[in-house]
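Below is one structure, written out as C-alpha cells; the observations come after it.
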Amino acid sequence: MTANLRVNIDRLWSTLMASAEIGKTERGGLCRLALSEEDGRMRDLFRLWCEDAGLSVMVDGIGNMFAVRPGTDPQAKTILMGSHLDTQIRGGRFDGILGVLGALEVIRTLDERGIETRHPIGIVNWTNEEGARFEPPMIGSKVFCGLHTLNEALNIRDSDGVRFGDALAAIGYAGQGGLTRQQVDSYFELHIEQGPELDENGVQIGIVTGAFDVRWAVVEVRGESAHAGPTRMADRRNAVVGAAVVVQQVNEIGFAYASSGGRSTTARLTIEPNLLGILAHRAEVLCDFRHPKKGVPQKMFESFVARLPELSARSQCDIAVIQDWQYGAVDYDADLAALSRQAATRLGYTHCDMLTVAGHDSMYLAGAVPSTMIFTPCEKGISHNEAENVTPADIEPGTNVLLHAVLARDAV
Ligand SMILES: [Zn+2]
C-alpha cells in the first residue's frame, strides 16, 4: 500500500528555502547561532509548520523541541526523526536543517495520504548542536541522553558572558515538557554528508554504520613576554613560535595516517597577550586526531606526545597537553541501518555504507536508543561554509529512504 509513496520534493524544497531566509548571510549562507534572535524566529516558524500539520510542539528544559504525530497503539514508543536548526557563524542552509525539515516532510506525506502508524512518529529539533556560541556542541542531545546535567548546561556562558538559560528564556524556549528517552523507540537522523565521498562517487545514499574515533587535546605553550625589538633571537621564548611547531607537527601526523583515512586538525589558536611588538607568554592550541579505525587516534595522539620534548626544545617554550578526551567511535544500530539499506534498494537508489567523520546528535542518541543516520550527497563535500549546497535531486532519495525506513520500523 505504501510502496509507491514518495515525499513531495517541491514542498520540502520550499520549506528549506523559507528556512534559508532566517539569518541569511550576504554570501547566501546562514548565521543562525543557537539561542540567537534568528534561532528564535526559526523555532517559531517550525512550531507554526508543526501546528499546521496538526502536531502540538513540546519543549524540554534545554529547549529541545518535539512534535509528535500520534500512533494507533497507545503503548507504543515514539519513532523519532530529527536533527538541528542552528548553524555555524558562517554556516550553510542544509547542515542539520535537512534532518528536521525532511522529518516534517515525512509527516506531511503521511498526513496527505492518510497513513496511520502504530507508533507515534516524532520530529525533534535539538538545541545547540553546533556549539558555535555555547560550548560544548550537541548540548541538547547530551542533556536528553543524561550525559550532562540540565543545571550545568543552563549555566554555560557564551563569550559575551550571556548565560545559556537566560538566552533560552529570552527567545521563549525554556520549556518543561518534551519527550524523555524512555518514551523513544528509535532515532533516525537524515543529514548532508559534509564530506565529498557520495558526491564524488555519484552515490545517492550513505547508510551510516558508525562514527570515526576522535581524540581531542588542548595543548598549552608557555613562553615569556618580552619586547620584540631588543630581545635577541637566542633569548626568545615566544609562545607563538611554540604554537607554530605544534600546528606543524599535528598536521604532519595527519598526513602520516592519511592513506588509511586518518586526519588531524588544529582548529583554534589562543594567543596571550596577542599584541603588537610583544613576544607571547602563552598560547593554546586545540587539536584533534580522527581515524575510521577505533584506537588509531590514540596512537596518533601518543606519537604527538612523544614529540613534545623536541618541539619544546626547538621553540624554547614549555609545551604540554593540559586536557584531552576521546569522542565518537560509535556503532549505530545494525537493524535500523538494514531497514534504510532495504528501503534504498527497493526504491532503486544507489547506496553505500559509510562512517560519519563529523559529530552529530545521533552519536549521543546511539548510547540511549537504537539510532541511525542517512546521508545525502552535498556539493564537493563543502560544509560549515556559506557555499554549502545541495540540489532537490540530491536530497529527494534520502528523504524517501527516511520515510520508508521509518514505516518499516513501525511495521517491525
Ligand atoms: Zn549538523
Item checked: Span from the region 311-327 Cα centroid across to the region 165-180 one, whole angstrom -> 39 Å
Checklist line | Projected label distance in nm at Ala169 and Val305, using a 7 Å step from Cα toward the beta-carbon | finding: 4.3 nm
Note to self: Compute the angle between helix 97-112 and the longest alpha-carbon principal axis of the chain, please, reported from 0 to 90 degrees and rounded to the nearest 10.
What the structure shows: 0 degrees
Checklist line | Kirkwood hydrodynamic radius of region 213-327, Cα pairs, Å | finding: 14.4 Å
Checklist line | Label-point separation in nm, Thr2 to Arg113, each point 7 Å along Cα→Cβ | finding: 0.8 nm
Next item on the list: Using only Cα atoms, tell me the angle between helix 296-306 and the longest principal axis of the chain; keep it within 0 to 90° and round to the nearest 10.
Entry: 10 degrees
Item checked: Built amide H within the under 5 Å cut-off of Thr117, gap 5+ -> Thr72
Margin query: Can you give me the angle between helix 334-346 and the longest principal axis of the chain, using Cα atoms only, in degrees from 0 to 90, rounded to the nearest 10?
Written below: 60 degrees
Next item on the list: Can you tell me the relative contact order of region 1-120? Whole percent, Cα pairs under 8 Å, sequence separation 6 or more.
Entry: 32 percent
Notebook entry, point to check: What's the FRET efficiency of Gln326 with Val162 using the Cβ-Cβ distance as r and R₀ = 30 Å, to the nearest 0.05?
Noted result: 0.50
Item checked: Theoretical ellipticity at 222 nm over the chain - DSSP helices of four or more residues, -39500 (n - 2.57) apiece, nearest 500 -> -10500 deg cm²/dmol
Check: Contour minus end-to-end for Asn385 and Ala18, with contour as 0.36 nm per residue of separation and end-to-end as the Cα-Cα distance?
Finding: 130.2 nm
Note to self: Between Glu200 and Asp235, what's the calculated FRET efficiency when r is the beta-carbon distance and R0 is 45 Å? Round to 0.05.
What the structure shows: 0.30
Item checked: Percent RCO, i.e. relative contact order, over the chain, from Cα pairs under 8 Å lying at least 6 residues apart -> 22 percent
Next item on the list: Would you please give the residues with an amide H less than 5 Å from that of Met373, counting only those at least 5 places away or on a separate chain, with H modeled from the backbone geometry?
Entry: Glu189, Val208
Next item on the list: Please work out the C-alpha center-to-center distance from region 24-66 to region 254-291 and express it in whole Å.
Entry: 34 Å
Margin query: Starting from 0.36 nm per residue, how many nanometres of slack lie between Ala258 and Gln182 once their C-alpha separation is accounted for?
Written below: 23.3 nm
Next item on the list: State in Å² the accessible area per residue of the chain; use a 1.4 Å probe, count heavy atoms of protein chains only, and round to the nearest integer.
Entry: 42 Å²
Notebook entry, point to check: Could you name the aspartates and glutamates in cross-link range of Lys77, using Cα to Cα under 12 Å and dropping any fewer than eight places away on the same chain?
Noted result: Asp185, Asp410
Margin query: Amide H of Gly195 versus every other amide H placed in the peptide plane: which residues, excluding those fewer than 5 positions away on the same chain, fall under 5 Å?
Written below: Cys378
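Between Thr149 and Val412, what is the FRET efficiency for a Förster distance of 41 Å, r being their Cβ-Cβ separation, to the nearest 0.05?
Computed FRET efficiency for Thr149 and Val412 comes out at 0.75.
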Item checked: With every protein chain in place, region 214-337: carbon and sulfur % of accessible area (1.4 Å) -> 54 percent
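The values are calculated or read from the model by the stated rules, or taken from the named source; none is laboratory data. Keep in mind that what you see is a predicted model, and the values were worked out from it rather than measured. In this analysis, Cβ positions are derived from the backbone assuming ideal geometry, glycine residues included, and neighbour counts consider all displayed protein chains. Note: accessible area is taken over every heavy atom of the protein model, side chains too, but ligands, DNA and RNA are not part of it. Shrake-Rupley method; radii C 1.70, N 1.55, O 1.52, S 1.80 Å.
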